[in-house]
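Note sheet for the following structure.
Coordinate-derived values only; no laboratory data. It should be emphasised that the depicted structure is a prediction, and the values quoted were computed from it without experimental measurement. So basically every Cβ, Gly included, is an ideal-geometry build from the backbone, and we count neighbours across all protein chains shown.
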Amino acid sequence: MTRWEPDSRGRLEQAALALYGERGFDDTTVAKIAERAGLTERTFFRHFADKRDVLFGGAGALQDLFVDVVRNAPPTAPPIDAAMLALDAAGALLQDRRDFARQRHAIISASTELRERELIKLATLSAAVARALRDRGVREPTASLTGEVAITLFKVGFDRWVAEPEQRTLIQLMRQSFDELKAVTASG
């Protein structure tokens, strides 16, 4: 019987990221991830549904954060302000995980399957924001448009955050993207 090892999930995550970077996502097996982490495949599956889950396991928590912040925004907050509060909360949550985010982004960018999964995650997040706005009484198409805009700002800010060597925060980059969007729409 194997003895319990601390931080199994973290070790598996680190092993998977290293192997995805070295061998690519498609050529990395769960067996190799578990072996690299010094654990068993069974332990891997206690923490992750499959090898993609290492990269997407936090999607539910991120969605819950967005929805909770939008639903709990001040009642008088316009829809976009409620969405921006959610972006700020997400930026604060992710800020200390920049190195992981960079690794994750590089791995996803190199795989068509993972890029598709990322797009599905973002679409699901947009729909959840729109649903939370509708729960606040925001009508269509305003709720859906705001959800799409919020997730676009998240994606553009996130892509800049992981690509730039600068130390601007994710929140700053999402807010800058929002300011640029306002300038574009004001010029029309």
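Can you list the DSSP H helices in the chain whose Cα atoms extend at least 30 Å along the helix axis and whose mean Kyte-Doolittle hydropathy is 0.0 or higher?
In the chain, the long hydrophobic H runs are 142-163.
So if I take the alpha carbon set of the stretch 58-187, get Rg, then get Rh from the Kirkwood formula, what is the Rg over Rh ratio?
Rounded to two decimals, Rg over Rh is 0.96.
Find, among the trypsin sites (Lys or Arg not before Pro) in the stretch 1-64, those assigned to loop by DSSP (not H, G, I, E, B) with at most 13 other beta-carbon atoms within 10 angstrom.
Answer by residue number: 3.
Rounded to two decimals, what is Rg over Rh for the stretch 1-87 when you use alpha-carbon atoms and the Kirkwood radius?
Across the stretch 1-87, the Cα-based Rg/Rh ratio is 1.21.
Using Cα positions and a limit of under 18 Å, work out the lysines in reach of residue 121, with same-chain residues fewer than 8 apart set aside.
Filter leaves 51, 155.
Give me the percent relative contact order of the stretch 1-147, please, defined on Cα pairs under 8 angstrom at least 6 residues apart.
Averaging sequence separation for qualifying contacts and normalising by length gives 22 percent for the stretch 1-147.
Can you list which of the trypsin sites (Lys or Arg not before Pro) found in the stretch 57-166 are DSSP loop residues with at most 10 other C-beta atoms within 10 Å?
For trypsin sites (Lys or Arg not before Pro) across the stretch 57-166 that sit outside H, G, I, E and B with at most 10 neighbouring Cβ atoms in 10 Å, the list reads 139.
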